[in-house]
Amino acid sequence: MPGIRILGTGLHVPGRPYTNHDLARVLDTNDAWIRQRTGIAQRYFCPPELGVSDLALPAAQRALEAAGRKPEDLDYILFSTMTPDHLFPGSGSLLGAKLGCPGVPAPDLRTQCAAMLYAFQMADALLKADAARTILIVGAEAHAGFMPWSDWDILEGTSDSKPSEAAWARATKHRGWAIIFGDGAGALVVEKATDGAGIIATDLHSDGRYATQLCVPAGFRGRPWTNNAGPDDDAWLIQMDGRDVFKFAVTRLPRSVKAVCDKARVELTDIDWFIAHQANQRINEAVAEKLKLPLDRFPSNIDRFGNTSAATIPILMDEMRRDGRLREGQLVCLMALGAGFHWGSVLVQV
């Protein structure tokens, strides 16, 4: 049965890149330490006056242009983010208004770094059910507001002063995750395929037993919901057990890839590309090793963008389409693990 055909892709990142040397101005780290542990050399940060719907707008416009479609052609928007413009409403509706297609259904998906897998499955179902003809899939993140430092002028090099001892200690306390994340948006325009393209098999999972290993504790569990916590309270920041997340990822992702291949009755060697969420280069290298596959089939851009959570897969797919690596007819395995935990893989012929 016909499924997804990717018609166009686009990406957008804000401002200039921030290097590892920039981060070393506000916390105890250095370029070699970050590269060795993550593979990241730089990332982008969203300026304070913008949100994810603003980052998503140029990415969506570029995807529409590449697809030869206009905003009014859209029947559905699937917006994935864990850093929305507001607690509510969702950012999908804001993007629809900014694109010039108000009224188009535009739900937000909250499966964090694994969101693209779920978005692909939902888009495939909508197309097969004839509930939509043209769908915009978006992943966008603005992690800058999470960062555990307040001395942005020092980080940007516009001030020669030094962070206070307390500010330095707080930022350093959270460096395990603060060095990882970056901001940006990726978008894809998809329609129903008229040939063999589309999702061939999926293997998706969620398990809330591991939620505390990667989470932001703040939420609507108190009265008031803020629990009277101030803006500097760590409850508003990401809490991550990096070692456990790493172990879970390098154990479960290879299993999922093998499971999705078994469902589709294809061999690992039949797959052209393994497009993994760009969380940590060491994770993707370990997954490739466990699958006994060459690393050159695991494309990577984490060194230039960092971990943009829901945006990593569409950003990477856009780069690959535009430079000619990702071509029609190829067999691609998407894989990701995100907070929740949510994880899995999707096998798709593009």
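The values are calculated or read from the model by the stated rules, or taken from the named source; none is laboratory data. Because the structure is predicted, anything quoted here is derived from the model rather than measured. When we count neighbours, we look across all protein chains shown, and the Cβ atoms used for this are built from the backbone with ideal geometry, even at glycine.
Descriptive notes on the structure:
- Within region 131-155, being modelled with pLDDT under 95 and assigned to a loop (DSSP other than H, G, I, E, B) holds for one residue alone: SER150.
- Residue tally, condition among the acidic types (Asp, Glu) and touching a strand residue (DSSP E or B) at 6+ places or on another chain (Cβ under 8 Å), over region 236-259: 1
- Note on region 196-231: residues that are in contact with a helix residue (DSSP H, G or I) (Cβ under 8 Å, 6 or more places away or on another chain), within 19 Å of THR83 (Cα to Cα) and in a loop (DSSP other than H, G, I, E, B) amount to 3.
- Cross-chain or 6+ apart pairs with Cβ under 8 Å, region 162-183 first and in the same structural domain as PRO84 (by TED's automatic domain parsing) and surrounded by fewer than 17 Cβ atoms within 10 Å (Cβ to Cβ), then in a helix (DSSP H, G or I) and among the β-branched types (Val, Ile, Thr): LYS162/ILE154
- Of all residues in region 140-195, those that are over 16 Å from MET82 (Cβ atoms) and among the hydrophobic types (A, V, I, L, M, F, W, C) total 15.
- Cβ pairs under 9 Å, 6+ apart, first in region 80-103 and on the phi > 0 side of the Ramachandran plot, second part of a helix (DSSP H, G or I): GLY100/PRO71; GLY100/GLU72; GLY103/GLY96
- Residue list for region 302-338, filter: surrounded by fewer than 17 Cβ atoms within 10 Å (Cβ to Cβ) and within 22 Å of ALA41 (Cα to Cα): ASP303, ASP323
One line per residue, one yes/no per condition, for (1) within 21 Å of the chain's Cα centre (by Cα); (2) buried (at least 23 other Cβ atoms within 10 Å of the Cβ):
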| site | (1), (2) |
| --- | --- |
| ASP31 | no, no |
| GLN36 | no, no |
| ALA41 | yes, no |
| PRO71 | no, no |
| ILE77 | yes, yes |
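- In region 277-311, the residues that are within 22 Å of VAL52 (Cα to Cα) and either free of Cβ contacts under 8 Å to residues at least 24 places away in the same chain or of a type in the set (A, V, I, L, M) (or both): ALA279, ASN301, ILE302, ALA310, ALA311
- Of the helices (runs of 4 or more DSSP H) contained entirely in region 262-350, those carrying at least 2 residues that are over 24 Å from VAL190 (Cα atoms), at pLDDT 95 or above and out of contact with any Cys (no Cβ under 6 Å at 6 or more places or on another chain) fall at 281-290, 302-305.
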